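The values are calculated or read from the model by the stated rules, or taken from the named source; none is laboratory data. The structure displayed is predicted, hence computed values, not measured ones. Every residue, glycine among them, receives a Cβ derived from its backbone with ideal geometry; neighbour counts consider all protein chains shown. Heads up: the accessible areas ignore ligands, DNA and RNA and are worked out on the full protein's heavy atoms, side chains in. Shrake-Rupley method; radii C 1.70, N 1.55, O 1.52, S 1.80 Å.
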Amino acid sequence: MEIKININDSVMVKLTDEGVAEFEKAKYSLPTPDDEGYYEITLWKFTNVLGGITRMGKKLPFDGNLIFRA
């Protein structure tokens, strides 16, 4: 199965307190989360802000699951 994802597509993600703090530190405003606690963020913004702190063996700044929206 192939899934085509564009860097401008949106992802739905549940951020931890650390994840929210990283967005604030990067001076990116976050939208209001939905009723389930998911934020809708473009993929490029998500990787730009959280890519530098996401490491194997380290606690993730989000719940580990992403929902992609085209």
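Taking a point 7 Å out from the Cα of E18 in the direction of its Cβ, the residues of the stretch 24-59 whose backbone N falls within less than 17 Å of it are 24-26, 47-59.
Distant-in-sequence amide contacts of D63, defined by a placed amide H-H separation under 5 Å and a gap of 5 or more residues or a different chain, comprise K14, T16.
For the chain, the solvent-accessible area of protein heavy atoms averages 72 Å² per residue (probe radius 1.4 Å; ligands and nucleic acids excluded). Couplings 3J(HN,Hα) of the stretch 37-54, computed from phi: x, 8, 9, 9, 9, 5, 4, 5, 5, 4, 6, 4, 7, 9, x, x, 10, 8 Hz, in residue order, whole Hz [Karplus 6.51 cos²θ - 1.76 cosθ + 1.60, θ = phi - 60°; x for Gly and Pro]. The calculated 222 nm mean residue ellipticity attributable to helices in the chain amounts to -6500 deg cm²/dmol, summing -39500 (n - 2.57) over DSSP H runs of n ≥ 4 and dividing by all residues.
Segment T47..R69, full-extension length gain: 6.4 nm, with 0.36 nm per residue of separation and the alpha-carbon distance subtracted.
The string of couplings for the stretch 22-28 from the Karplus curve (6.51, -1.76, 1.60, θ = phi - 60°) is 5, 5, 5, 4, 7, 6, 9 Hz, one whole number per residue in order, with x for Gly and Pro. Expressed as a whole percent, the accessible area of the chain that falls on carbon and sulfur atoms is 51 (1.4 Å probe).
Dimensions of the chain along the principal axes, based on C-alpha atoms and rounded to the nearest Å, stand at 34, 29, 22, largest first. Farthest towards the positive end of the charge dipole of the chain, among the residues G51, N65, S10, is the Cα of G51, using unit charges on the Cβ of Lys, Arg, Asp and Glu. For GluC sites (Glu not before Pro), the sites in the stretch 7-67 that DSSP calls loop and that have at most 10 other Cβ atoms within 10 Å are E36. Just checking the listed ones, K58, K14, K25: in the Gaussian network model of the chain with Cα springs under 10 Å, the one fluctuating most is K58. Here the spin labels are modelled as points 7 Å beyond Cα on the Cα-Cβ line, and at A26 and T54 they lie 1.0 nm apart.
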